[in-house]
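First the structure, in the form of structure tokens, and then the observations on it.
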Amino acid sequence: MKQGTDDLRAEYRELADLVRSLSPAQWRLKSDFYGWTPWDEIAHLCFFDQTSLLSATDAEAFARDTATLDSLLATGKEISAIAREKYGHLDGAALLAHWEPLSGRLVDLLAELDPKARLPWYGPTMSARSFATARLMETWAHGQDVWDVVRRRRPATHRLRHIAHIGFTTFGWSFVNRGLPVPGPIPFVSLAAPGGGAWTWGDPASGEFVRGPAEDFCLLVTQRRNLADTALEYSAGSAHAWLSIAQCFAGPPADAPPPGARKPAFAA
């Protein structure tokens, strides 16, 4: 649990340091992620970090908050619009000043929990360990949108292992979420880790495989890159079927961006 929450804290801090360097104009640049701006990305994270605090401290209040959110979504209102209404009075610097201590409190709370403690969320409950990992994954994914929009290359770190693990364990979910039968066998995944070495999941004798840079795999399963824009290698059966629709986050089925659509020419 300590490693997970330490890594979550580091992920928050890295993104906070990036957006702290943005000019007022950069806060409003439209990204290729549904036109969201860096402000939208931080507002989204702030919104769900706030509801995460409720989940970790007051399950009944979280249930009431979820019911309110569900009713708003049922009217057709998008989550980005809900976040804009909640935080729209804040400019980028003020939003960051609100988000940083909030996310810090969340990490502090999660760090005190038993890793197996169950927390309510949107769907099945989650263990505290999985909850921290999921927050890291979402922070990294939405952070990628900010790195992309300012055309800066983000250094890959060991924290990618958490995201890659979610990516592997949601193999079946990616199909079930689309109402598709889950093919077999589950591919053997071998990823080149930042700094050297390999991270592996599954059975090497599977007959199906995915291999390549860990960062590319994480970009794929969070749907920040199209498979064609990665250096991943894979077998033609269940591995290819999976990578074509891989989705490591909850919610309705989502599609990866078209080839080349989110492959920015980095300035640095």
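With a requirement of 1 or more residues that are within 27 Å of Asp32 (Cα to Cα) and at pLDDT 95 or above, the strands (runs of 3 or more DSSP E) lying completely within the stretch 121-203 that satisfy it span 188-192. Residue pairs, Cβ under 6 Å, 6 or more apart or interchain, first in the stretch 167-179 and hydrophobic (A, V, I, L, M, F, W, C), second outside any helix (DSSP H, G or I) and modelled with pLDDT of 95 or more. List them. What qualifies is Phe168/Val189; Phe168/Trp201; Phe171/Ile186; Phe175/Val182.
Scoring Leu219 on the criteria (1) open to solvent by less than 30 Å² (accessible area, probe 1.4 Å); (2) without any contact (Cβ under 8 Å) to a residue 24 or more places away in the chain leaves a single failure, condition (2). Scanning the stretch 103-120 for residues that are part of a helix (DSSP H, G or I), open to solvent by 30 Å² or more (accessible area, probe 1.4 Å) and in contact (Cβ under 8 Å) with a residue 12 or more places away in the chain gives Arg105, Leu109, Ala111. Among the residues of the stretch 121-154, those identified as open to solvent by 40 Å² or more (accessible area, probe 1.4 Å), more than 16 Å from the chain's Cα centre (by Cα) and touching a residue at least 12 places away in the same chain (Cβ under 8 Å) are Gly123, Arg151, Arg152, Arg153.
For the stretch 81-99, residues that are buried (at least 17 other Cβ atoms within 10 Å of the Cβ) and either within 18 Å of the chain's Cα centre (by Cα) or not hydrophobic (A, V, I, L, M, F, W, C) (or both) total 4. Is it the case that the stretch 214-222 has a residue that's assigned to a strand (DSSP E or B) and within 21 Å of Leu136 (Cα to Cα)? No, because not a single residue in the stretch 214-222 is assigned to a strand (DSSP E or B) and within 21 Å of Leu136 (Cα to Cα). Taking Glu78 as the residue in question, decide whether it is among the charged types (D, E, K, R) and open to solvent by less than 30 Å² (accessible area, probe 1.4 Å). So Glu78 fails the test.
Taking the conditions (1) crowded, with 17+ Cβ neighbours inside 10 Å; (2) among the basic types (Lys, Arg); (3) farther than 30 Å from Asp65 by Cα; (4) over 15 Å from the mean Cα position of the chain (by Cα) in turn, Arg159 satisfies each one other than (4).
Residues of the stretch 239-248 include none that is open to solvent by 60 Å² or more (accessible area, probe 1.4 Å) and more than 19 Å from Ser174 (Cα to Cα).
The values are calculated or read from the model by the stated rules, or taken from the named source; none is laboratory data. Small disclaimer: the values here were computed from a predicted structure and weren't measured. Backbone-built Cβ (ideal geometry, glycine too); neighbour counts: all protein chains shown. Surface areas here come from the heavy atoms of the whole protein model, side chains and all, with no ligands, DNA or RNA. Shrake-Rupley method; radii C 1.70, N 1.55, O 1.52, S 1.80 Å.
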